[in-house]
Structure formats: C-alpha cells, structure tokens
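In what follows, a single structure is set out as structure tokens and then discussed.
The values are calculated or read from the model by the stated rules, or taken from the named source; none is laboratory data. Remember, it's a predicted structure, so these values are computed and weren't measured experimentally. Reconstructed Cβ throughout: ideal geometry from the backbone, glycine too, with neighbour counts over all protein chains shown. For accessibility, only protein heavy atoms count, side chains too; no ligands or nucleic acids. Shrake-Rupley method; radii C 1.70, N 1.55, O 1.52, S 1.80 Å.
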Amino acid sequence: AAIGSGAGGLAYRLIRVGASSERRSAMATRASSIELIVPTGDNAEKMPSVPRGDTLTDSPGERLTYRLAAEKSAGSDLIGPALLALLWNSVWFVLLAVVVLGFWYSSPRYILTGLLIPFGAVGYWSFRYFLAQLRRSAGIGPTIVEISDHPLYPGRKYRLFVSQSGRLRLRRLRVRVACEEETVYRQGTDVRVDRYEVFTQELCAERDVRVDPQAPWEQQFTIEMPPNVMHSFVGSHNAVRWKVIVSGEARPWPSFCRNFPVVVHPPGLPPKRSPR
C-alpha cells in the first residue's frame, strides 16, 4: 500500500513538472467564459472533416486570449523511468531483506545473495537514469504559447506570445508555424504513416539565447496567414494539421521540440465569440 501510494503521488508530481502554476490553476477552475468558444452543432454539421479543437483552448492566457496546449506533456517522459526505478529498487530491497533474514536465522540463500549484485547494478542504473531525465526536464522548463484568437482563418493576422523558462543556454531557438500533410496507408500487413511539411512560416531564429529562472525568454510575434492555404482536415486516411513549433538546441541539455496544435477553418465562416 505504501509503495502504491508513493508511486501514484510521484507520477502525479511528475506530470505537473512541465506545467506552470497559471496553467494548473486554469485547468482546475475552468473559467465559465470558456464555454462560449465551443463550436455549435451547426458548424460541426457544415464541416464534418474539420477538427473542432475543443480542448486546444481550454486555458485562458495571461498575455493573450488563449493558452495553447502542447501535444505531449513534458512530465510524461519521466513516468516510465520513475516507475522503473521505484519498482526495481523496491524488489531489490525486498530481496535484500530476505537474504539478511536467511543469514540471521542460519539458513543462508546463496543464489539470492548472488542475485543482489546484478539486481543492484540495474537498480543503480535505473535511478541514475531517472535523475538525469528529471534534471533535463527541470533544466529545460515549460514552454508557454498564447494566441490572440482561435480558430485561425486564411488571410488574417494573429498575435502570438511565446515564453521559454528554465535554466539553460540555447545555441538556437526557433519559433515557426507549419502545415503538415499526413497520409496513412497499408503496405502488406503494416500500417505506415507519411508526413510532409507543405508550408512553414518562421517567426524567430535566435542564436546564443540564455534562459534564467528569474528572467524567462519571452517574445511576441505576428502570424500572417496566407489567403490560399489549406484549412485543417482530418479524414480516414489523410489529414492536414497546423501547429506552432518551438524548438531549441541546448547545451548541456538535449535539444527539444514542442508542438502546439491549432485549427485553421475555411474562409468565409463567422468567427467565434471570444471570452475577452
């Protein structure tokens, strides 16, 4: 019971590593005004292949209207190493207790004693790997992306705010908007997925960027959507996905790339009501 409660609490804390306090507060309270941005049933019937993107703007932003959600939480990379280190070392301590009790009651178990060394080596490696992953996640810090309006429409301009926190030095930091075409097909018994970037708009490409916990890197940009771009589309075998990509080459931390999906609607539709 103690191991189970400790593992659950550790996993809960690790999931919250990559989220700021503002985002956690917004996710907990879920402001009532957010309900205004949910698409109506009429729009869903008119655009059955356009993703609704209800969960992309669950959090209100501090600088701009919406705070975009990342595709993958930074803390999710720590759950596997944490569980491996916790469970393996728990087994090793139980094995150690069995071996000590065997010698204490004059019934030594030499096979289990011999297993202590390789089991201990694996446990030591798993714990060091978990600490390295935790150090990397804490050093890079969360990435915050906020946008002035959502969904997006071709031919319009939008404001974008990007904040990168942590304690690291980046060789290069890039912020761009990309449109990716995805194709799912079957080759024999395998299902393959091909992705091709058909459009990209680079907003920032800075070099030698220093990020300090007391002074995160913050910039505001303007997105100019071309009038002739393809809107977001999701079918059974094809998809067109739009995203804001924040990537960095760091030292001594590993490079990172975080995607923040957005939805582009076809032109000519009335814009949604904004909670602000």
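Observations
- Surrounding net charge for Thr183, when Lys and Arg each add one and Asp and Glu each subtract one, Cβ distance under 9 Å: -1
- Protein accessible area in segment 108-233, 1.4 Å probe - carbon and sulfur %: 50
- Placing unit charges on the Cβ atoms of the charged side chains and taking the dipole of segment 209-261 about its Cα centre, the candidate lying farthest along the positive direction among Gly235, Ala250, Val211 is Gly235.
- A full extension of the chain between Glu182 and Tyr129 corresponds to an added length of 15.7 nm, given 0.36 nm per residue minus the alpha carbon distance.
- The modelled label-to-label distance for the pair Ala215/Asn238, using points 7 Å beyond Cα in the direction of Cβ, is 5.0 nm.
- Per-residue SASA entry for Met225, accessible area with 1.4 Å probe, Å² rounded to 10: 10
- When the Cα atoms of segment 153-276 are aligned to their principal axes, the ranges along those axes come out at 46, 45, 24 Å in descending order.
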